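Heads up, the thing below is written out as structure tokens.
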Amino acid sequence: MRITLTIGAILLSLALPVQAQQQSPGGVRPPNKPPAKAAETHESTPAPFDGDLQRLAEILGSLQYLRIVCGAKEGQKWRAQMQALIDTEVPSGERKRRIVARFNRGYRGFEQTYRTCTPAADLAIRRYLDEGAKIAREITARYAN
């Protein structure tokens, strides 16, 4: 199951020390063309883990903003993780819109609140890393082949 591999990669990103890269922040934008792999989940039949995926997307968006505002030089690390999730899962229509909207909601929510890094922002980062890792582990354990 491709989603398991991608969730596993995200789990590693959430658990490993942060690497430095330099790029500007930003929300997730749908890819210009769909990947040439994976069968699409029918829009009217959401995957049983869609709620967890949406929460994970929101966490990734929050981390994308907070890590940058707190001085991490990771560039687009968390956005790239989100894009990998979308590319693997290949959601269509409304399902894709919901996942992307949750990433952007996480990003924009903190963008409106934090202009500089604070102890509260550092705490939020730690909590989101823990929660994201937990969600990734649970999805992998529940839906792995």
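The combined condition, being in contact with a Pro (Cβ under 9 Å, 6 or more places away or on another chain), within 28 Å of PRO46 (Cβ to Cβ), free of Cβ contacts under 8 Å to residues at least 60 places away in the same chain and surrounded by 22 or more Cβ atoms within 10 Å (Cβ to Cβ), is fulfilled by GLN64.
The listed residues are LEU60, LEU123, and the only one of them that is out of contact with any helix residue (DSSP H, G or I) (no Cβ under 8 Å at 6 or more places or on another chain), at pLDDT 90 or above and of a type in the set (A, V, I, L, M) turns out to be LEU123. Of the residues examined, VAL18 is one that is surrounded by 13 or more Cβ atoms within 10 Å (Cβ to Cβ), modelled with pLDDT under 95 and more than 14 Å from the chain's Cα centre (by Cα).
For segment 53-75, the set of residues classified as closer than 21 Å to ARG97 by Cβ and over 11 Å from the mean Cα position of the chain (by Cα) consists of TYR65 only. Here ILE68 fits the description: under 25 Å from LYS134 (Cα atoms), modelled with pLDDT of 85 or more, among the β-branched types (Val, Ile, Thr) and assigned to a helix (DSSP H, G or I).
Go through segment 71-99 and give me each residue that's assigned to a helix (DSSP H, G or I), of a type in the set (D, E, K, R) and touching a residue at least 12 places away in the same chain (Cβ under 8 Å). Selection gives LYS77, ARG79, ASP87, GLU89, GLU94, ARG95, LYS96, ARG98. Residue pairs whose Cβ atoms lie under 6 Å apart, separated by 6 or more positions or on different chains, with the first residue in segment 100-126 and more than 11 Å from LEU66 (Cβ to Cβ) and the second part of a loop (DSSP other than H, G, I, E, B), are VAL100/VAL28; PHE103/VAL28; ASN104/GLY27.
The values are calculated or read from the model by the stated rules, or taken from the named source; none is laboratory data. If you're wondering where the values come from, they're calculated on a predicted model, not measured in any experiment. Using ideal geometry, Cβ is built from the backbone for each residue, glycine included, and neighbour counts are taken over all protein chains shown.
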